[in-house]
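The values are calculated or read from the model by the stated rules, or taken from the named source; none is laboratory data. Since the model is a prediction, treat every value here as computed from it, not as a measurement. Heads up, the Cβs are rebuilt from the backbone with ideal geometry, glycines too, and the neighbour counts pull from every protein chain shown.
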Amino acid sequence: MESNAHKPGAQNASGQQPHSSSSESWDAEAQDNNIVPLTRDQAEKLFGPEVSRPSRVTPFKVVAAQMVLSLGATLLWWLFYKPPGDAALSAFLGGAICWVPSALFAARLKAKSGAETIMSWMVGEALKMGATIAMFVAIAFWYKSALWLPLLVTYIVALKTYWVAMALR
């Protein structure tokens with residue numbers, strides 16, 4: 001009778017797999033090297049015929065949508081909050097905290113076109129996060145009558161524009 005103890009995937013009597021030699025061990029690097037990209041036909045079959053269509057969404061369109069949404073939210077705060085002045089200004093600043101750093105990032109992408117690397121994206125994201133934090137700190141420090149509810153709600157609404165843009169791809 002042949003023992004299954006030394007076959008890959010076999011279990012011993014206790015239900016656990018036995019320790020195997022190093023030659024049989026799973027090697028993550030070797031598996032990563034065996035990745036075969038999908039052909040266009042395979043990708044279309046798996047994800048649908050529109051997988052090859054280039055996206056109509058550009059970074060500048062996302063920034064424009066963020067601006068429109070933040071101005072719309074500012075108008076809503078102006079119309080429905082009493083007194084409207086500080087609420088509307090706070091809402092506008094909340095939207096600006098989102099779209100100003102995004103516009104800087106988009107401009108940086110355009111300037112670096114053709115030279116994108118992971119590091120340039122990371123530097124751009126770091127600058128974007130730094131500008132966002134600096135704007136929050138500046139508003140907290142210099143605009144003492146800021147209303148944080150309109151500011152944060154408008155910031156979050158503008159920030160979620162990325163998800164809408166991805167859905168409209």
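Any chance segment 38-57 includes a residue that's loosely packed, with under 12 Cβ neighbours inside 10 Å, without any contact (Cβ under 8 Å) to a residue 60 or more places away in the chain and at positive phi?
Yes: segment 38-57 contains one or more residues that are loosely packed, with under 12 Cβ neighbours inside 10 Å, without any contact (Cβ under 8 Å) to a residue 60 or more places away in the chain and at positive phi.
List pairs: first in segment 72-88 and more than 14 Å from A146 (Cα to Cα) and polar (S, T, N, Q), second surrounded by fewer than 17 Cβ atoms within 10 Å (Cβ to Cβ) and at pLDDT 95 or above, Cβ under 8 Å, 6+ apart or cross-chain?
Note: no pairs meet the criteria.
For segment 112-169: of the residues being assigned to a loop (DSSP other than H, G, I, E, B) and of a type in the set (A, V, I, L, M, F, W, C), which is surrounded by the most Cβ atoms within 10 Å (Cβ to Cβ)?
Among them, the one singled out is L147.
Of the conditions (1) under 19 Å from the mean Cα position of the chain (by Cα); (2) touching a residue at least 12 places away in the same chain (Cβ under 8 Å), A64 satisfies every one except a single condition; which number is it?
(2)
When you go through E116, E125 one by one, which is the residue that is closer than 20 Å to T161 by Cα and not aliphatic (A, V, I, L, M)?
Answer to the check: E125.
Hand me the list of helices (runs of 4 or more DSSP H) wholly inside segment 1-81 holding 3 or more residues that are of a type outside the set (S, T, N, Q), modelled with pLDDT of 60 or more and touching a Phe, Trp or Tyr at 6+ places or on another chain (Cβ under 9 Å).
Correct list: 59-80.
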